[in-house]
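K.L.:
Quick one: the structure is below, and I'll ask about it shortly.
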Amino acid sequence: MESIFDLAALEAEIAELQTKTSSPDLWTDAQAANYALKRLARLRDRVEPFLSLQKTERDIAELRELLDSEPNPEMERELDEMAERFLADIADLELKTLLSGEHDDRGAVVEISAGAGGTEACDWAEILFRMLSRWSQNKGYSLEVLNETPGDVTGYRSASMLISGESAYGYLKSENGVHRLVRISPYDANARRHTSFARIEVLPEIEESEVAVAPEDLKVETLRAGGAGGQHVNKTESAVRITHLPTGITVSCQNERSQHKNRAHAMTVLLARLKELEQAQSEQRARELKGEVPPAEWGRQIRSYVLQPYTMVKDHRTGHETGNAQAVLNGELDEFLEAFLRQKPAKDVFIE
């Protein structure tokens, strides 16, 4: 347990934060104060399960000693059950300790874009949207659709959603990248096999206080929504497009009837993109200082889903695979997410 959970380091950080948050000058910097309080709460939430496991371990040891001196078949069964639950709880805690990134405990902004493949790719984007929706539902997370751009025939050219729940981003960051589908096309009269691509991008949910955005840096436009949606959506200027002038990042939202809600959704995506850009620039600078040159390729799949002539889903980074492709497409992703979290690769491995 000690090898997977550095209790001393966490307790030291908790003590430091407790000193900081009890200072009378705490709220001179509201942003720093909020961060410190949230960080303290998260650390306490991580330490408490570990302390509970330590107590269970002592209880098991004491019961074992008692049974060694006074055998009792019924208590033996109870001890076996305690031990099984204890090992399962350790495995669960170990997985949670892997979600230790800066933003891993947050909600996730997920964007899905159709790639090469035309109608097939738009259909594939919708299948991925459904897969992640089912996964979030199975985990008990809430999901809010931020934007949808339908394909010309079917599916989505692009779609985005906000998945809210503890560690949603920490789990879903493994889905970042290009996903490839191989199947007999339902849109091909000759029933030929097609290969389609779609890209999933996962960003952490960011609060406005975490990113400095000056009002004069934003260009906010309202326009009529396009595509399906009914008379109200299409005949009123409820859609919102926001451009961050210093970076040129543009986001739009038209899903809601309310212009206010569309603006809020667009800001959610914009903040996530600005934070991502800030982090990317920092990492790029670090690589430059180390003399490293990162690859510039975009179209490299991280996972392949094959439905014909056989069924298989394989993650090219971890090597994890399953023959039950339909279960994966129905949202059973945990094995792939866990395999990604548990790996410690020297570098990313992709199949071109």
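K.L.:
Between the DSSP loop rule and a limit of at most 11 other Cβ atoms within 10 Å, which GluC sites (Glu not before Pro) in segment 1-82 are left?
P.N.:
Counting only loop positions with at most 11 other Cβ atoms within 10 Å, the GluC sites (Glu not before Pro) in segment 1-82 are Glu2.
K.L.:
Normalised radius of gyration for segment 50-149, please: alpha carbon Rg relative to 2.2 N^0.38 Å, two decimal places.
P.N.:
1.83
K.L.:
Something else: Using every pair of alpha-carbon atoms in the chain, split the distances into 10 Å bins beginning at 0 and state the percent of pairs per bin, rounded to integers.
P.N.:
5, 18, 27, 24, 15, 7, 3, 1, 0
K.L.:
Take the chain, connect every pair of alpha-carbon atoms lying under 10 Å apart with a spring to form a Gaussian network, then pick out the residue of Thr19, Thr250, Thr195 with the largest mean-square fluctuation.
P.N.:
Thr19
K.L.:
Helix 259-290 versus the longest principal axis of the chain: what is the Cα-based angle in degrees, 0 to 90, to the nearest 10?
P.N.:
Around 70 degrees separate the two axes.
K.L.:
Here is a further query. Could you check which residue among Leu337, Leu98, Leu43 shows the biggest mean-square fluctuation in a GNM of the chain with a 10 Å Cα cutoff?
P.N.:
Per the Cα network of the chain with a 10 Å cutoff, Leu43 tops the list.
K.L.:
Between their Cα atoms, which of Lys20/Lys139; Lys173/Lys275; Lys173/Lys219; Lys96/Lys261 are more than 26 Å away from each other?
P.N.:
Over 26 Å Cα-Cα: Lys20/Lys139; Lys173/Lys219; Lys96/Lys261.
K.L.:
Among Val269, Val110, Val182, which one shows the biggest mean-square fluctuation in a GNM of the chain, springs joining Cα atoms closer than 10 Å?
P.N.:
Residue with maximal mean-square fluctuation among Val269, Val110, Val182: Val182.
K.L.:
A follow-up question, please. Can you give the % of DSSP beta bridges in the chain that are antiparallel, to the nearest 5?
P.N.:
90
K.L.:
Using θ = phi - 60° and the Karplus form 6.51 cos²θ - 1.76 cosθ + 1.60, what ³J(HN,Hα) does each residue of segment 114-131 get, whole Hz, x for Gly and Pro?
P.N.:
Going residue by residue, I get 5, x, 5, x, x, 4, 4, 5, 5, 5, 5, 4, 5, 4, 5, 4, 5, 4 Hz, with x marking Gly and Pro.
K.L.:
If you don't mind, there's one more thing I want to ask. Determine, at each q value in 0.13, 0.16, 0.17 (inverse angstroms), the log₁₀ of I(q)/I(0) that the Debye formula gives when each Cα of segment 7-97 is one equal point scatterer.
P.N.:
-0.60, -0.74, -0.79
K.L.:
Might you report the magnitude of the Cβ-based charge dipole of segment 7-97 about its Cα centre, with Lys and Arg at +1 and Asp and Glu at -1, to the nearest 20 debye?
P.N.:
Charge dipole, segment 7-97, about its Cα centre: 800 debye, nearest 20.
No value in this document is a laboratory result; all are computed from the given coordinates. If you're wondering where the values come from, they're calculated on a predicted model, not measured in any experiment. Ideal geometry is used to build each Cβ from the backbone, glycine not excepted, and the neighbour counts take in all protein chains shown.
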